[in-house]
1. As an exercise, use a Förster radius of 41 Å and the Cβ-Cβ distance of Ser739 and Lys627 to find the FRET efficiency, rounded to the nearest 0.05.
2. Quick one: what are the phi-derived ³J(HN,Hα) couplings along the stretch 245-255, Karplus 6.51/-1.76/1.60 with θ = phi - 60°, whole Hz, x for glycine and proline?
3. Helix 448-464: angle to the longest alpha-carbon principal axis of the chain, degrees 0 to 90, nearest 10?
4. Treating the angle as unsigned and between 0 and 90°, give the value, to the nearest 10°, between the Cα long axis of helix 641-651 and the longest Cα principal axis of the chain.
5. So how much slack lies between Glu276 and Asp701, counting 0.36 nm per residue of separation and subtracting their Cα-Cα distance, in nm?
6. With unit charges on the beta carbon (Lys/Arg positive, Asp/Glu negative), name the residue among Cys232, Leu213, Gln245 whose Cα is farthest towards the positive pole of the charge dipole of the stretch 213-261.
7. Calculate the spin-label point distance for Gln714 paired with Lys593, positioning each point 7 Å from the Cα along the beta-carbon direction, and give it in nanometres.
8. Considering the options Asn128, Ser493, His580, tell which one lies farthest towards the positive end of the dipole of the chain, charges being +1 on Lys and Arg and -1 on Asp and Glu at the Cβ, about the Cα centre.
Amino acid sequence: MVAEEIRVFGIVQGVGFRPHVYRIAKKNGLCGEVFNDGEGVLIRVLGSEELVTQFVHQLQQECPPLATINKINRTNYIGEFNFNDFTIAPSVNNAINTQVAADAATCSQCQNEIFDPYSRWFRYPFTNCTHCGPRLSIIRAIPYDRNNTSMAKFTMCPTCDRDYNDVTNRRFHAQPTACHICGPKAWLERADGKPFTVSMFSMLDEIDAVCTLLQKGEIVAIKGIGGINLACDATNTNAVEKLRQRKQRYHKPFALMARDIAVIEQYCTLNTKERELLQSPVAPIVLIKKRIRNINQKLFAPCPLISFSVAPGQNTFGFILPYTPLHHLILKRMNRPIVFTSGNISNEPQCIDNDEARHKLGKIADYFLFHNREIVNPVDDSIVRIIADKVRVIRRARGYAPAAIELPDEFKKAPQILAMGAELKNTFCLLDNGRAILSPHLGDLENAATFQSYKKTLNLYLNLFEHQPEAIAVDKHPEYLSTKFGKKLAETSNKKLVEVQHHHAHIAACMVENHLPLDTPPILGIAFDGLGYGDDKTFWGGEFILANYRDSQRIATFKPVPMIGGKQAIYQPWRSTYAHLRLILESEELEKKFPDLELFHFLRSRMLLALPSDSLGVSQPIQLLDKLIVKGINSPLTSSVGRLFDAVAAAIGICREKCSYEGQAAIEMEALIDSYFFENKQGLIGYNFEIIESANITYIDSQPMWIELINDLQQHLPQQIIAAKFHQGLINIIVKLVSSIQKIYNINQLVLTGGVFQNSILLERLQPQLETLNIKVITHSLTPTNDGGIALGQAVISAARLIN
């Protein structure tokens with residue numbers, strides 16, 4: 001007989017792991033105990049060596065659906081062993097070194113119960129078990145026990161208490177378990193405060209009434225698991241437009257929720273991986289190609305069309321399936337999609353509190369569906385897309401966060417680190433004991449309310465995980481609010497401050513996600529994004545960088561172009577277009593050479609509106625813009641490929657005048673051409689770029705591309721062809737430059753990172769061409785390639801620099 005102490009690390013609390021251990025121990029006739037503590041799960045077991053080994057093997061092979069075992073340590077138990085049976089012992093509070101499970105979509109068994117008239121949970125909107133339901137959103141402290149969650153105030157009725165303590169029951173130690181008698185309650189309110197009753201709608205209950213309200217064209221704010229969402233009928237254009245105007249979200253696509261896969265299939269073409277994602281416990285928003293409707297094909301029964309206003313200029317819909325019992329009950333009678341968007345005024349944090357929602361959403365929603373279970377930690381919906389047959393997380397939030405990212409073993413030597421993240425699409429990161437905990441998506445910190453939410457959430461995480469960082473990592477951009485806040489924290493707490501270059505962080509995040517060892521020699525990182533603060537104090541965004549975890553060297557970039565008006569250029573793409581054209585020829589020469597080109601008529605009209613006629617002592621707006629460029633007045637130089645995409649999109653008439661959200665022009669240009677265009681145009685020749693060698697760095701010059709593009713505009717070539725030629729030309733020049741770099745630096749692997757690589761056409765067509773050079777191409781999957789992954793990169797770079 002052997003007595004062992006078995007330590008299980010990973011996501012093993014609140015996921016039914018202890019009863020899983022109990023059942024397997026009993027099946028193998030073992031004695032001992034299992035309990036939760038700050039490290040994870042600890043098992044003490046007595047039995048034959050063969051049975052104990054079999055027990056450990058079965059623990060891993062038959063793991064509960066929401067559990068993740070990262071590591072199992074087995075040691076001989078040297079204490080006194082007074083067990084005649086196997087038991088589940090109470091949790092032990094000690095130093096926190098365990099993980100918190102993410103909120104999980106309703107399991108099939110709970111779904112069946114809420115629609116079973118003979119079930120105790122019939123139509124109960126907060127039904128859950130150890131396989132599903134809230135986790136992160138309700139937890140206040142570790143270990144994950146009911147008294148440490150917002151369910152603490154709901155005392156279990158005798159029946160729920162019996163289930164909770166029955167080790168053979170699916171709800172054994174399911175901390176949020178409850179029923180109609182003892183659990184949280186939901187109710188419906190009118191936004192204007194006027195009284196009403198469910199009988200007015202002839203519905204089963206107030207939740208069923210929400211479906212009728214949506215069908216009638218009303219906007220309903222629905223409090224869910226991690227926040228409040230706004231919903232309306234997606235096929236009702238009046239309702240969708242009303243929501244856009246009230247929410248002040250004028251063009252950015254809305255997410256859609258559908259009752260089931262069958263409803264989604266009426267509007268989209270799904271592949272196997274997209275189906276799996278939609279139906280997984282994560283239940284993210286999945287970006288899926290719109291179905292091309294052919295009136296001669298009768299593949300599906302007639303269905304109402306989704307309003308064009310839902311996703312203008314897009315070739316995808318973002319669909320999500322119901323992930324709580326509340327959503328399932330609302331959509332039971334809904335045979336068409338609903339808009340399902342964050343409950344906020346555009347760019348502000350999602351509301352999580354009832355009173356906050358009444359105040360902030362009272363002029364947006366017509367009705368509120370509230371409940372009285374507190375949301376402790378706000379968690380927005382995750383967004384994913386399948387590109388090149390691989391899952392790409394665009395927004396990492398509910399279902400993924402706060403699952404820890406296991407780092408290469410060498411990072412266990414690093415001290416605790418806090419990484420503050422970027423300015424846009426912010427997340428922060430806690431690094432400790434060889435793991436990185438990346439916060440859920442928090443948003444753009446330039447919004448005051450979002451910044452306050454960022455600070456509040458950061459404080460919650462530091463307390464929840466008892467994280468006491470020895471170093472704080474920040475972006476080098478001196479004006480990022482996350483940087484300023486990080487510097488203040490470092491100064492007031494006397495912690496080491498580590499500044500990390502933006503694109504180096506992008507590259508390192510991708511490296512560590514793909515588990516490259518700490519001592520990896522420099523690899524080539526291609527980082528394309530909107531912009532980031534460079535080592536030379538200019539704005540970068542089209543970078544070829546040799547990097548390892550500690551250091552980086554910029555070896556090539558796109559030739560810098562002025563951002564006329566600074567930040568204004570992000571939201572008025574015509575400014576980037578003019579900046580590029582101005583580098584080809586003087587403004588007078590451009591107008592003489594292309595006097596009838598519609599683009600120049602537009603640029604002249606915009607300049608008249610944008611600039612005063614007497615500025616700087618000149619009378620012509622074009623001359624004024626030229627003077628701003630020459631003198632560098634509010635026109636910083638940038639090598640940004642994101643701005644290059646904006647410039648090309650505006651040149652061909654996409655979002656030329658303005659964008660209502662960053663990247664809109666590039667996204668709509670991608671949607672315009674789509675991958676099928678390339679498949680049908682194998683002989684497509686891309687525009688030419690030029691490689692220019694200088695003493696210290698290599699430049700990619702876009703001037704030849706612009707000359708060819710303007711000539712195509714003069715010839716009235718269709719938008720799709722010009723856009724496709726630009727994409728192909730960009731791919732060609734990247735491959736050509738990488739081939740050259742490969743010969744000089746002898747690289748055999750490279751990283752593709754930055755927000756520009758969310759472009760499916762660019763990534764899907766570039767990666768295989770690079771691989772023909774016998775280079776291993778490394779890309780993001782479970783962390784965002786956009787700025788949502790920056791904090792992870794900051795954390796591991798800081799760790800690498802601090803490890804002796």
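The values are calculated or read from the model by the stated rules, or taken from the named source; none is laboratory data. Computed from a predicted structure; not experimentally measured. Note that each Cβ is placed from the backbone with ideal geometry, even for glycine, and that neighbours are counted across all protein chains shown. Protein only, heavy atoms only, side chains kept; ligands, DNA and RNA dropped before computing areas. Shrake-Rupley method; radii C 1.70, N 1.55, O 1.52, S 1.80 Å.
1. Details: r = 41 Å, r/R0 = 0.99.
My answer for the efficiency is 0.50.
2. Result, ordered by residue: 5, 5, 7, 6, 10, 8, 9, 4, x, 8, 6 Hz.
3. That works out to roughly 40 degrees.
4. Between the helix axis and the principal axis of the chain, the angle is about 60 degrees.
5. Values: separation 425, 0.36 × 425 = 153.00 nm, distance 4.29 nm.
Using 0.36 nm per residue and subtracting the Cα-Cα distance, I get 148.7 nm.
6. So the residue furthest toward the plus end is Gln245.
7. 0.8 nm
8. Asn128
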